[in-house]
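Written out below as structure tokens is the structure these notes cover.
The values are calculated or read from the model by the stated rules, or taken from the named source; none is laboratory data. This is a predicted model, so every value here is computed, not measured. Ideal geometry is used to build each Cβ from the backbone, glycine not excepted, and the neighbour counts take in all protein chains shown. Surface accessibility is based on the protein's heavy atoms, side chains included, excluding ligands, DNA and RNA. Shrake-Rupley method; radii C 1.70, N 1.55, O 1.52, S 1.80 Å.
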Amino acid sequence: MFVYRLLFICLASVAVAIAADPTPAPRHTAHKTQATPEDPGVTFNSVHVDGPYIAMTFDDGPSETLTPKLLDLLAAHHIKATFFVIGENVAEHPEIVTRAAREGHEIGNHSWSHPNFGKMSDDSVRSQLQRTDDAIKSATGSRPTLMRPPYGSITPREKHWIHDEFGYRVILWDVDPLDWKRPGPPVVRNRILKETQPGSIVLSHDIHPGTIEAMPSTLDALEAKGFKFVTVSELIRMATPKPSHPSPQGGGNPPASATPSPSPSATPMQQPSTTP
Ligand SMILES: [Zn+2]
């Protein structure tokens, strides 16, 4: 099955990256197709909103060169985004995270060194999250309230205790341009434009030059389509119950059938909890 093949490729790349490159330099990260959210209010792939609001999210930074460029672009557009940062990169460039927070962007926890939470002990996961939480607090003055597991890999049990201990919401995505494969800026842009709809959480990475190159025309085109940009927490605060849902629950239901996404997350409410 495609998802498992992709997961295997991800894990293989991580193994290769770890074996070949023990430095904390940004690595080529592959995100597994997202987990199935079984906890409305805790886990989000997207948010049901009344209005053309979307959240752009950028993972795996900060990058010394690319993140400042992206921050300049976002400032020029008056766009607020969400950055899911890697703790060891925050430790290396805390000033970039300080700037991002000062300019109104949201900072989320994306682990210390980008391991696969789904295959780790609770203590290791806890340490990955706590160290990053501390680094973000040190850089921005406040603790994050959002977490995105590397590769989208997290077990239902981990979600629960992480939410209980850290208070984090678990943020996945519904738009994935697969920019980590470096398909070129036009492809990244076109994939985002094709898949984004109101309430979308758009995944991309501020550690890939092609992603940053794609952003000026991507943001122009999204603006031309009428989309308005908010942080993930703002998007969640705008959540409205889905009228068609049999038991509407405030706090943002994941899309049940409205998202014609190529990923299995298009029907998360109908799937059992089979998260790896
Ligand atoms: Zn990542």
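Computed values, structure above
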quantity: Under 17 Å from Lys137, Cα to Cα: aspartates and glutamates that are on another chain or at least 8 residues apart; calculated: Glu88, Glu92, Glu95, Glu103, Glu106, Glu165
quantity: Gain upon complete extension [Ser113, Gln130; 0.36 nm per residue less C-alpha separation]; calculated: 4.9 nm
quantity: For the stretch 78-135 and the stretch 187-242, distance of Cα centres in Å; calculated: 20
quantity: Three-way shape label, the stretch 43-181, alpha-carbon gyration tensor, a/c 1.5; calculated: oblate
quantity: Along principal axes, Cα extents of the stretch 35-91, largest first, whole Å; calculated: 37, 29, 13
quantity: Residues in the stretch 81-116 reached by a label modelled at Ser142 [backbone nitrogen below 17 Å; 7 Å Cα→Cβ]; calculated: 81-85, 97-109
quantity: Mean separation of Cα contacts under 8 Å (6+ apart) over length of the stretch 30-171, as relative contact order %; calculated: 28
quantity: The stretch 97-159 shape via C-alpha gyration tensor axes, a/c threshold 1.5; calculated: prolate
quantity: Candidate residues Met238, Met215: accessible-area rank, largest first, probe 1.4 Å; calculated: Met238, Met215
quantity: Anchor Lys194: lysines whose Cα lies under 27 Å away (excluding residues fewer than 8 positions away in-chain); calculated: Lys32, Lys69, Lys80, Lys181, Lys225, Lys228, Lys242
